[in-house]
Amino acid sequence: MIRLRRAGVLLASVAIIVLAATGAYEEIFSYFASSYDDEGLMMMSLRQVLDGHRLYDEVRVGYGPLYYLIKGVIHGPLGIPLTHDVVRLTATGWRLLAATVAATALWTLTRYVSLSVLGFLLVTVSTGFVRAEPGHPQEIVAVVLMALPVAAAAMSGRRALMACGCLGVLVAGMMMIKSNLGVFTGLAVWMALVSSMSPKLTTRTLWCASAASAVLLPILLLRGSMGEAWAVQLAGCAAAWIGAAAALSWPRRDGVRLVHLLVFAAAAAGAAIALLMPSILSGTSLTTLLECLVIGPRLLTKFARPFEVRWMLPAALVGLLSAILGALVSAARPRAAAMVHTYGLAKLAFAVAAIRIIWPPQPALLIAWLTPFAWLVLLPSSDEPWTPAQRFTRLLLVWLAVIEPLQVYPVHGSQLLLGSLVHVLCGVVCLADAATWARTLLPLSWQRPAQASATVATMALTLWFAVSWRNSMAAPYRSGVPLDLPGATRLRLPRQQADTLRRLVDTISQRCDATFAFPGFASLYFWSGRTPPTLDLITHQIRLVTPERQEAIVSVLARSERACFVRGPGFTLELDPDFERRMAALFGAGRQPRANLIQIGPYQVLTRITESSVS
């Protein structure tokens, strides 16, 4: 019977993994974002680097060098072509790798195969943001984020120093992909380490200073927008979340010493410097690095959409209530029988709510309503004590859960999903704790049969979940038609969208030489075989490009009699007034008849009117 059950669990696990991989493939190859083209933007920046242009000096991007190092190896020495099909296949690989690493972390924490497989599926679903922006650095960030608890699980005995070094390297990797995420992740790891030190006077002083900095972080981050209600509410919510986590993280004697902090800091600093050295040795100045990696991304705050969800003010009050409850629980007797039962029920409720919000993904609700109670992961659900490594990993999960949501500012697009990814792990860990608590309520002779039945039920529900999700991904893929453009033969889109894109590419190929697309539509250059006027990477906001660079774009277009200006749908079509006037003069806006305007679906193609074309 035991062998039969194990074989069933193995077969179900394989089926779930296959369904998840198939669904991820069908999802990413059945969608193309019309309102923004981050996929083409990142591909164009990578092409420029591969063509020999210097990163940051000539290719002005706000992402760290590690992304370009990894992608450069894939599309450089390995010789894998830089196409939409390849980028989407590799994005699917990163997505499944993140889910695999997450399942490994859950296995180290729970020792439940069924829940580890459930976590694999939930992380696969939660990383659905890759479908709208394949090739974005966040697909690699997701892997690094999920690897943190795996490294933390090694915080035991002689391996603790090695684990601290690994955590430092992972934090540096995160920082060298997206600098703000590196800061948030580094603070979370630091707080977990400080909370695991012996409760001496110096340790408590260090912990108090670190906790105060963490609580003040959202206020400092949003200080420029504190005149608006959404910023006050978001800062209040985040400060309450972090305060609640701090209330349950008072230092304990878990074996972490000052040397562990030093190893972590040294590894993070050393790895960051090593990753920056190729750029520095190529001649990039520290000023340029600062402008690209720190100052440049801050400019997004001028054009950011505020993070608002319904009932944000009640969510802030819930966060405050959570902080108060956390302080009260911290002062109570943690292993009193009545308290353990209360914790078990609370963890069960948290897990059910988390899974329900993940399907379908509602990251704004996940962040606003469940983040305040992430500290439930730190509460015991049985009389069996945790090892120092287990407690440290749980501490890290909680601190990541309350700090990572800060990435919703200044831009909260796909960052919502990435910011709530750790919540998936917290939900599954709470479900495992609730299962352990429920098993202890049964007579000893019933516990093993009950555990076996729970395993079968969990695998069955997960399999049903996987089938349902995969079917929902298969429907648009099967109903779509092949886009059949260069490098995008696997992509299947709704017929109208595919026909529009093919007509647009055909028009550009026949009528245009120098071509400029706004909002940024870099995929158009790959499909049409044209090159952008300059090395400037255009997003949906032209004001992120300096006036000098705008003038350079206009100058290149002015030298071509077959220049084209492509305008399409986007978050905003507002141009810089001076740039708008120069483009209008160049392309003869307002002339009659308007023979230079070609309307293709939601796209407008303006071809340049010259004296020869008028005659």
Check: For the subset of the stretch 190-233 comprising residues that are of a type in the set (D, E, K, R) and surrounded by fewer than 14 Cβ atoms within 10 Å (Cβ to Cβ), which member is farthest from Val259 (Cα to Cα)?
Finding: Glu228
Check: Given (1) without any contact (Cβ under 8 Å) to a residue 40 or more places away in the chain; (2) within 22 Å of Leu122 (Cα to Cα); (3) among the hydroxyl-bearing types (Ser, Thr, Tyr), where does Thr455 come up short, assuming only one miss?
Finding: (1)
Notebook entry, point to check: Of the residues Leu328, Leu293, Leu348, which single one is farther than 28 Å from His412 by Cβ and modelled with pLDDT of 85 or more?
Noted result: Leu348
Item checked: Residue that is nearest to Ala457 (Cα to Cα), among those in the stretch 2-51 that are touching a strand residue (DSSP E or B) at 6+ places or on another chain (Cβ under 8 Å) and small (Gly, Ala, Ser) -> Ser30
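Quick one: which of Asp38, Asp51, Asp57 is acidic (Asp, Glu), in the same structural domain as Ser285 (by TED's automatic domain parsing) and free of Cβ contacts under 8 Å to residues at least 12 places away in the same chain?
Numbers: Asp38 fails: free of Cβ contacts under 8 Å to residues at least 12 places away in the same chain; Asp57 fails: free of Cβ contacts under 8 Å to residues at least 12 places away in the same chain.
Testing whether each residue is acidic (Asp, Glu), in the same structural domain as Ser285 (by TED's automatic domain parsing) and free of Cβ contacts under 8 Å to residues at least 12 places away in the same chain leaves just Asp51.
For the stretch 1-58, name all the residues that are assigned to a loop (DSSP other than H, G, I, E, B), among the charged types (D, E, K, R) and more than 30 Å from Leu493 (Cα to Cα). First the steps, then the outcome.
The initial filter retains those residues of the stretch 1-58 that are assigned to a loop (DSSP other than H, G, I, E, B), namely 1, 29-37, 51-54, 56-58.
Retained after the next criterion (residues that are among the charged types (D, E, K, R)): 37, 51, 54, 57-58.
Scanning the stretch 1-58 gives Asp51, Arg54, Asp57, Glu58.
Against the definition (under 20 Å from Ser523 (Cα atoms), at pLDDT 75 or above, touching a Leu at 6+ places or on another chain (Cβ under 9 Å) and in the same structural domain as Phe516 (by TED's automatic domain parsing)), how does Val554 come out, yes or no?
Values: under 20 Å from Ser523 (Cα atoms): no; at pLDDT 75 or above: yes; touching a Leu at 6+ places or on another chain (Cβ under 9 Å): yes; in the same structural domain as Phe516 (by TED's automatic domain parsing): yes.
Spelling it out, it is not the case that Val554 is under 20 Å from Ser523 (Cα atoms), at pLDDT 75 or above, touching a Leu at 6+ places or on another chain (Cβ under 9 Å) and in the same structural domain as Phe516 (by TED's automatic domain parsing).
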Check: Out of curiosity, is Ala24 surrounded by fewer than 21 Cβ atoms within 10 Å (Cβ to Cβ) and closer than 20 Å to Gln138 by Cα?
Finding: no
Next item on the list: Considering only residues that are free of Cβ contacts under 8 Å to residues at least 40 places away in the same chain and part of a loop (DSSP other than H, G, I, E, B), look in the stretch 481-529 and name the one that is surrounded by the fewest Cβ atoms within 10 Å (Cβ to Cβ).
Entry: Asp484
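Within the stretch 67-101, count every residue that is outside any helix (DSSP H, G or I) and more than 19 Å from Ala488 (Cα to Cα).
Residues in the stretch 67-101 being outside any helix (DSSP H, G or I) and more than 19 Å from Ala488 (Cα to Cα): 3 in total.
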Notebook entry, point to check: So which of Ala265, Ala315 is crowded, with 16+ Cβ neighbours inside 10 Å, in the same structural domain as Pro385 (by TED's automatic domain parsing) and either at pLDDT below 85 or outside any helix (DSSP H, G or I) (or both)?
Noted result: Ala315
Notebook entry, point to check: Could you say whether any residue in the stretch 186-209 is part of a loop (DSSP other than H, G, I, E, B), out of contact with any Asp or Glu (no Cβ under 8 Å at 6 or more places or on another chain) and farther than 15 Å from Ser249 by Cα?
Noted result: no
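Tell me which residues, restricted to the stretch 404-457, are touching an Asp or Glu at 6+ places or on another chain (Cβ under 7 Å) and part of a helix (DSSP H, G or I). Full working, then the answer.
Of the stretch 404-457, the ones touching an Asp or Glu at 6+ places or on another chain (Cβ under 7 Å) are 414, 419, 422.
The answer is Gly419, Val422.
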Notebook entry, point to check: Here is a list of conditions, (1) free of Cβ contacts under 8 Å to residues at least 60 places away in the same chain; (2) touching a helix residue (DSSP H, G or I) at 6+ places or on another chain (Cβ under 7 Å), and Gly93 meets all of them except one; can you say which number that is?
Noted result: (2)
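Return the residue satisfying two criteria in turn: it lies in the stretch 164-185 and is part of a helix (DSSP H, G or I) and among the β-branched types (Val, Ile, Thr), and of such residues it is nearest to Val402 (Cα to Cα). Break it down stepwise before answering.
Pass one, the stretch 164-185, residues part of a helix (DSSP H, G or I): 164-175, 179-185.
From what's left, among the β-branched types (Val, Ile, Thr): 169, 171, 183, 185.
On the way: Val169: 22, Val171: 17, Val183: 14, Thr185: 11 Å.
Filtering first and then ranking leaves Thr185.
For (1) among the β-branched types (Val, Ile, Thr); (2) on the phi > 0 side of the Ramachandran plot; (3) not in a helix (DSSP H, G or I), each residue gets a yes or a no:
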{"position": "Pro360", "(1), (2), (3)": "no, no, yes"}
{"position": "Ala364", "(1), (2), (3)": "no, no, no"}
{"position": "Leu370", "(1), (2), (3)": "no, no, no"}
{"position": "Pro380", "(1), (2), (3)": "no, no, yes"}
{"position": "Trp386", "(1), (2), (3)": "no, no, yes"}
{"position": "Gln390", "(1), (2), (3)": "no, no, no"}
{"position": "Thr393", "(1), (2), (3)": "yes, no, no"}
{"position": "Val398", "(1), (2), (3)": "yes, no, no"}
{"position": "Val402", "(1), (2), (3)": "yes, no, no"}
Item checked: Matching entry among Ser34, Ser30 (being small (Gly, Ala, Ser) and in contact with a Lys or Arg (Cβ under 6 Å, 6 or more places away or on another chain)) -> Ser30
Item checked: Residues (loosely packed, with under 12 Cβ neighbours inside 10 Å and at pLDDT 90 or above) located in the stretch 274-290 -> Met277
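The values are calculated or read from the model by the stated rules, or taken from the named source; none is laboratory data. What you are looking at is a predicted structure, and each value in this text was computed from that prediction instead of being measured. Positions of Cβ are generated from backbone atoms using ideal geometry, with glycine treated the same way; all protein chains shown enter the neighbour counts.
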